[in-house]
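Written below as structure tokens is the structure these notes are about.
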Amino acid sequence: MEMKWSLKLGRIAGIKVSVHWTFMILLVWIFILHYRLEQDMMQGILGVVFILALFLCVTLHEFGHALTAKRYDINTKSITLLPIGGLARLEKFPEKPMQELLVAIAGPLVNLVIGVFILLVLLAFNSFPSFSEPMNLMNFSGVGFWYNLLFANMILAIFNLIPAFPMDGGRILRALLLFKFERGKATKIAAGIGQFLAIGFVFLGLYANIFLVFIGIFIYLGAGAEAEMEMTKTSLTGYKVKDILMKQFARLSPRDNLGKAVELLLDGQAHDFVIVEEGKVLGILSRNDLIKGLSEKGNSSPVTDAMQTDFLSLDPEMPLQEVYQQILEQSISVAPVVQNGELLGIIDKENIYEFILVNEAMGKKMDMKELRREYEIPEKLS
């Protein structure tokens, strides 16, 4: 899902690069901090320039992941800069352990290469500070700027290697665990370690640096969400769309008006409607589409005025794991299942979750036909 309130900076190598609005707060805070230290406008500006240079390195870090993933035919949808770092949205992570290991480690390696390059340049010009001299990490003028950028890149490389899933180090840990365990268990172990370390970040941040608190919260929530996602995907392995196909659902004719959709909405459990004519899907009318159509055009307007014509259409033979990923990424409420141009049924997120819960409760894998046959469940609207 695209991150809200982000300013698009452009596209590089086909990847959308944007910056979250909260990044501007960081720049203002940095300017005020450095201005108050020296009571000098130039120091404030240098502080902001340094942060921009640092986040250029963060962007290169994310491109390290993205370009390595591209070698394995995995595209990156976008890279977003946040006050706590960068976020690259890959379509998926490689399934093979070695590939995931290389994609995860590529980011920290970029920072390491940048740091070594700056070090070599400083040494070549005999500008590297003596270790006997006190370090001034707040000096961003002259050589101090490059020395601090070198130091920051080394910290970035080391920090990202901490095995706190879903940080790079945590993904490296999971990749290594994948050589021994199946993906679901490897993710669960890595996520558990990540959440334990995240709690440590929060407590440390309360005494050291408030940014560690935000990073800890981000890691804790991210680890839990990704572990749940991976467990769900694992439980769907081997199933196809046809295994959970719903044949009874709310459908409307293109000649129906929004008033009829309201009646069906209030009279049953259906929140989404499929607009069908002669067995062919014309569009999808979600509850939000219905409410918007009512407010703008009234209940007498045809459903075709409010329906979505750009919708996800599924083949019954598609892997359910792949479909689940698409539904989440595109925030889709319902998707029609079509074969040879004819509508067979629909699936939605709730249908998938119910299928998983039933299978887990039974403690064995079984397709929907077997479930209905064994428990005498009629094909009804979920």
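Residues in the range 279-293: is at least one open to solvent by less than 20 Å² (accessible area, probe 1.4 Å), in contact (Cβ under 8 Å) with a residue 60 or more places away in the chain and either over 29 Å from Ser78 (Cα atoms) or in contact with a Phe, Trp or Tyr (Cβ under 6 Å, 6 or more places away or on another chain) (or both)?
Among the residues of the range 279-293, not one is open to solvent by less than 20 Å² (accessible area, probe 1.4 Å), in contact (Cβ under 8 Å) with a residue 60 or more places away in the chain and either over 29 Å from Ser78 (Cα atoms) or in contact with a Phe, Trp or Tyr (Cβ under 6 Å, 6 or more places away or on another chain) (or both), which makes the answer no.
Could you list, ordered by first residue, the pairs with Cβ atoms under 6 Å in which the first is in the range 66-92 and at positive phi and the second is part of a strand (DSSP E or B), at least 6 apart or interchain?
none
Check off (1) within 16 Å of Asn351 (Cβ to Cβ); (2) at pLDDT 85 or above for Phe249 and give me the number that stays unchecked.
(2)
So Met229 fits all but one of (1) under 17 Å from Gly170 (Cα atoms); (2) in contact with a Gly (Cβ under 9 Å, 6 or more places away or on another chain); (3) surrounded by fewer than 18 Cβ atoms within 10 Å (Cβ to Cβ); what number is the exception?
(2)
Please state which of the following conditions Pro166 fails to meet, knowing it meets all the rest: (1) part of a helix (DSSP H, G or I); (2) open to solvent by less than 60 Å² (accessible area, probe 1.4 Å); (3) touching a residue at least 60 places away in the same chain (Cβ under 8 Å).
Result: Pro166 passes all but (1).
Restricted to the range 252-278, and to residues that are of a type in the set (Asp, Glu) and farther than 19 Å from Leu344 by Cα, which residue is surrounded by the most Cβ atoms within 10 Å (Cβ to Cβ)?
Asp256
Can you tell me which residue within the range 214-232, out of those that are at pLDDT below 80 and more than 15 Å from the chain's Cα centre (by Cα), is farthest from Ile346 (Cα to Cα)?
For the range 214-232, the residue satisfying everything is Met231.
Just the residues that are open to solvent by 20 Å² or more (accessible area, probe 1.4 Å), part of a helix (DSSP H, G or I) and not acidic (Asp, Glu), please, taken from the range 294-308.
Leu294, Ser295, Lys297, Thr304
List every residue pair whose Cβ atoms sit under 8 Å apart, with the two residues 6 or more apart in sequence or on different chains, where the first one lies in the range 106-120 and is crowded, with 17+ Cβ neighbours inside 10 Å and the second, anywhere, is acidic (Asp, Glu).
Pairs found: Gly107/Glu62; Gly107/Asp168; Pro108/Asp168.
What's the number of the only condition in (1) outside any helix (DSSP H, G or I); (2) over 19 Å from Ala152 (Cβ atoms) that Leu102 fails to meet?
So the condition that Leu102 fails would be (1).
Taking Phe201 as the residue in question, decide whether it is more than 30 Å from Tyr353 (Cβ to Cβ), modelled with pLDDT of 85 or more and not in a helix (DSSP H, G or I).
So Phe201 fails the test.
Go through the range 210-225 and give me each residue that's in contact (Cβ under 8 Å) with a residue 12 or more places away in the chain and not small (Gly, Ala, Ser).
Phe211, Val213, Phe214, Ile215, Ile217, Phe218, Ile219, Tyr220
Each row is one residue, and each column tells you yes or no for (1) among the hydroxyl-bearing types (Ser, Thr, Tyr); (2) open to solvent by 50 Å² or more (accessible area, probe 1.4 Å); (3) assigned to a loop (DSSP other than H, G, I, E, B); (4) farther than 21 Å from Gln326 by Cα.
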| position | (1), (2), (3), (4) |
| --- | --- |
| Val19 | no, no, no, yes |
| Ile25 | no, yes, no, yes |
| Val28 | no, yes, no, yes |
| Phe31 | no, yes, no, yes |
| Gly47 | no, no, no, yes |
| Glu62 | no, no, no, yes |
| Thr68 | yes, no, no, yes |
| Ser78 | yes, no, no, no |
| Ala88 | no, no, no, no |
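Of all residues being open to solvent by less than 50 Å² (accessible area, probe 1.4 Å) and assigned to a loop (DSSP other than H, G, I, E, B) in the range 121-138, which is modelled with the highest pLDDT? Just the residue, please.
Ser127
Of all residues in the range 181-213 being surrounded by fewer than 19 Cβ atoms within 10 Å (Cβ to Cβ), among the small types (Gly, Ala, Ser) and under 21 Å from Leu161 (Cβ atoms), which is farthest from the chain's Cα centre (by Cα)?
So the residue we want is Ala208.
Kindly provide the set of residues from the range 318-327 that are within 11 Å of Gly238 (Cα to Cα) and touching a residue at least 12 places away in the same chain (Cβ under 8 Å), ordered by number.
Passing the criteria: Met318, Pro319, Leu320, Gln321.
The values are calculated or read from the model by the stated rules, or taken from the named source; none is laboratory data. Note that the structure is a prediction, hence the values are computed from the model and not measured. Neighbour counts are summed over all protein chains in view; Cβ atoms, including those assigned to glycine, are modelled from backbone coordinates with ideal geometry. SASA here: full protein model, heavy atoms, side chains in, ligands and nucleic acids out. Shrake-Rupley method; radii C 1.70, N 1.55, O 1.52, S 1.80 Å.
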